[in-house]
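Inspection log for the structure reproduced underneath, given as structure tokens.
What follows is calculated from the coordinates using simple rules that are stated; it is not laboratory data. Bear in mind the structure is a predicted one, so any value in this text is a computation, not a measurement. Virtual Cβ from ideal backbone geometry, glycine too; neighbours counted across all protein chains shown.
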Amino acid sequence: MPVTNKATLQAYRASLLHFTADPALHQNAHVWHEDGLLLVKDGYIQVAGDYAQLNTNLSPETTMHDYRGKVIMPGFIDTHVHYPQTDMIASPAPGLLPWLETYTFPTERPFSDGPHAREVASFFLDQLLRCGTTTAMVYCTVHPASVEAFFTESEARNVRMVAGKVLMDRNCPPFLQDTAQDGILESEALIKKWHKRGRQMYAITPRFAATSSPEQLQLAGDLAAAYPDTYIQTHVAENRDEVAWIKSLFPRARSYLDVYDQYGLMRSRAMYAHCIWLDGVDRERMAETQAAVAICPTSNLFLGSGLFDFNGADAAKLHLSLGTDVGAGTSFSMLQTMNETYKVARMGGCYLSALRMFYLATLGAARSMQLEGTIGNFTAGAEADFIVLDPQATPLLARRTACANSLDELLFVLALLGDDRAVAATYVAGCLRYSRKQ
Ligand code: GUN
Ligand code: ZN
């Protein structure tokens, strides 16, 4: 590994699943080939179809990979995660603000050191691949060296990643503070070096409104306007104490979200994590501006932050996606993230089908990131990031999936009982990057 599957046509035989629309809005939103064939050339999808149909025209040089009994689908997309928090996953605290003070800030301190940051980034990226995640929106730390380290490692794996230097110039320990001016200059230098270099993309990353001065937020908005094809990522309305704090810091803002709106930080390619304590006006602004939501249920349950309102979000037609939010999130696995997503939705009186959850973790996320056609499904010409899921990965999965009566039930069982063990292989741009030991 990596196996470079270059010029010759690569054919993967398995059950195939991908989406062309949101299953909540369209009846025929998914494509399923029970005995399917995925054809990949030079790292791009050529076609996904029925084995019986596609097999007849294959040239003799085609390499056949036999994954019968397994399910091939697009790689998962995690739209909110912090790589520097890898080593502090599962750190208990009574809520967001004490958790940040006690664990997060001290853990982020050593990322000024390039070799430390490289080592953690390398482990983190391998962990994502092991879980079947091929794209993520990633927070680094305040240190430019943490971004250099991350992109160096992601470029080496040729994964499509979005990441950025955290901006924070107040209300945090001095060892993590930048200044309004320096933070923006450092971000701009990183944009020039890394944005759209290979598969890397940059996200302007004010941590949250509490740790940025009004001046820094304004400069971040100006930077986002100067580089409209970069991403923006931040946290909003995660926790009640945090919301009250923001109200005291920005007394003139209508709401927490309105702070970001005032500084020009709402637009397409902006990813807002959590969005729990929004009101109807906020949701309307999210929809109008095409800003997207990263729903982070394992984190929200772990910190006791609150329950995301799926009915409210759907009524406002928001762009939704799922984030692990490690280290507040408790798993790198998007299957485990779906598991908790389902329960959070139930607590709010909403029923999410398994198809919808797999859509949110693939095409829904790609759409939220304006990357439809590039990643997220098997449309011809898309980048060939895909995973092989094993319904028989564990004795319990094998037993339970054997009596699944529908596709939705099979997917539901994979989401509820699956984790990294259910990922047999992960392919990135047509190359095998992770293969589970048998
Ligand atoms: N709000 C500000 N910073 C963070 C963070 O690192 N994690 C989470 N979950 N919320 C935040
Ligand atoms: Zn977060």
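Counted by neighbouring Cβ atoms within 10 Å, the residues Ile45, Ile89 run from fewest to most as Ile89, Ile45. With the simple spin-label model, which puts each label point 7 Å out from Cα in the Cβ direction, the His116 to Thr289 separation comes to 3.4 nm.
Can you give the FRET efficiency for Lys196 and Ala380, using 1/(1 + (r/R0)^6), R0 = 30 Å, r = Cβ-Cβ distance, to the nearest 0.05? It comes to 0.85.
Once the convex hull of all Cα atoms in the stretch 23-105 is built, its volume per residue stands at 209 Å³.
Considering only alpha-carbon pairs that sit under 8 angstrom and 6 or more positions apart, the relative contact order computed for the stretch 249-366 is 22 percent.
Relative to the longest principal axis of the Cα atoms of the chain, the long axis of helix 334-347 lies at roughly 70 degrees. Magnitude of the charge dipole for the chain, about its Cα centre and with charges confined to Cβ atoms of Lys, Arg (+1) and Asp, Glu (-1), is about 600 debye. Per-residue Cβ neighbour counts within 10 Å put Phe250, Phe19 in the sequence Phe250, Phe19, beginning with the fewest. Take every pair of alpha-carbon atoms less than 8 Å apart whose residues are at least six positions apart; their mean separation over the length of the stretch 39-170 yields a relative contact order of 24 percent.
Stretched out straight at 0.36 nm per residue, the stretch from Ser353 to Glu155 would grow longer than its current Cα-Cα span by 67.8 nm. Loop-only trypsin sites (Lys or Arg not before Pro) in the stretch 369-438, please: DSSP not H, G, I, E or B, and at most 11 other Cβ atoms within 10 Å. Loop-located and lightly packed - Lys437.
Altogether, the Stokes-Einstein calculation at 4 °C and 1.567 mPa s, with the Kirkwood radius of the chain over Cα pairs as Rh, returns a diffusion coefficient of 59 µm²/s. Going from the residue with the fewest nearby Cβ atoms within 10 Å to the one with the most, Met64, Met168, Met334 rank Met64, Met168, Met334. Rg/Rh for the stretch 213-361 (Cα atoms only, Rh after Kirkwood) is 0.96. The ratio of the alpha-carbon radius of gyration of the stretch 198-239 to the globular-protein estimate 2.2 N^0.38 Å is 1.25. In the chain, the DSSP-assigned H stretches of four residues or longer account for a calculated mean residue ellipticity at 222 nm of -10000 deg cm²/dmol, using -39500 (n - 2.57) per stretch and the full residue count as denominator. Spin-label model, Arg267 to Asp229: label points 7 Å out along the Cα-to-beta-carbon direction sit 1.3 nm apart. Out of the stretch 139-211, which trypsin sites (Lys or Arg not before Pro) are coil in DSSP terms and have no more than 16 other C-beta atoms within 10 Å? When the trypsin sites (Lys or Arg not before Pro) of the stretch 139-211 are filtered for loop state and at most 16 Cβ neighbours within 10 Å, Arg170, Lys196, Arg197 remain. Taking label positions 7 Å along the Cα-Cβ direction at both Leu396 and Leu9, the computed distance is 4.3 nm, reported to one decimal. Fully extending the segment from Leu58 to Trp32 would add 7.3 nm, taking 0.36 nm per residue of separation and subtracting the current Cα-Cα distance. Dividing the convex hull volume of the alpha-carbon atoms in the stretch 322-438 by its residue count gives 128 Å³ per residue. Build a GNM of the chain with springs between Cα atoms under 10 Å apart, and of Ser333, Ser59, Ser112 the one that fluctuates most is Ser59.
Quick one: go through the stretch 70-110 and flag any residue whose amide nitrogen is under 19 Å from the point 7 Å out along the Cα-to-Cβ line of Ser248. From the stretch 70-110, the list is 94-102. Between Gln370 and Ser406, residue separation times 0.36 nm minus the direct Cα-Cα distance comes to 9.8 nm. Considering only Pro115, Pro173, Cys131, the residue lying farthest towards the positive end of the dipole of the stretch 96-189 is Cys131, judged by Cα position with unit charges set on Cβ. The long axis of helix 144-157 is offset from the longest Cα principal axis of the chain by roughly 10 degrees. For the chain, the relative contact order works out to 20 percent when only alpha carbon pairs closer than 8 Å and six or more residues apart are counted.
Computed from the alpha carbon positions, the gyration tensor of the stretch 106-189 leads to an equivalent ellipsoid with semi-axes of 24, 13, 11 Å, biggest first.
Counting only the Cα atoms, the stretch 42-178 fills a convex hull of 143 Å³ per residue.
The peptide list 354-360, 266-272, 238-244, put in order of mean Cβ contacts within 10 Å with the highest first, becomes 354-360, 266-272, 238-244. The charge dipole of the stretch 31-145, taken about its Cα centre with unit charges on the Cβ atoms of Lys, Arg (+1), Asp and Glu (-1) only, comes to about 60 debye. Highest average first, the peptides 179-186, 68-75 ordered by how many other beta carbon atoms sit within 10 Å of their residues are 68-75, 179-186. Applying a threshold of 19 Å to the alpha-carbon distances of Lys165/Lys196; Lys70/Lys437; Lys165/Lys317 flags Lys165/Lys317 as lying beyond it. How far is helix 180-194 tilted off the main Cα axis of the chain, in degrees rounded to 10, range 0 to 90? Computed tilt is about 20 degrees.
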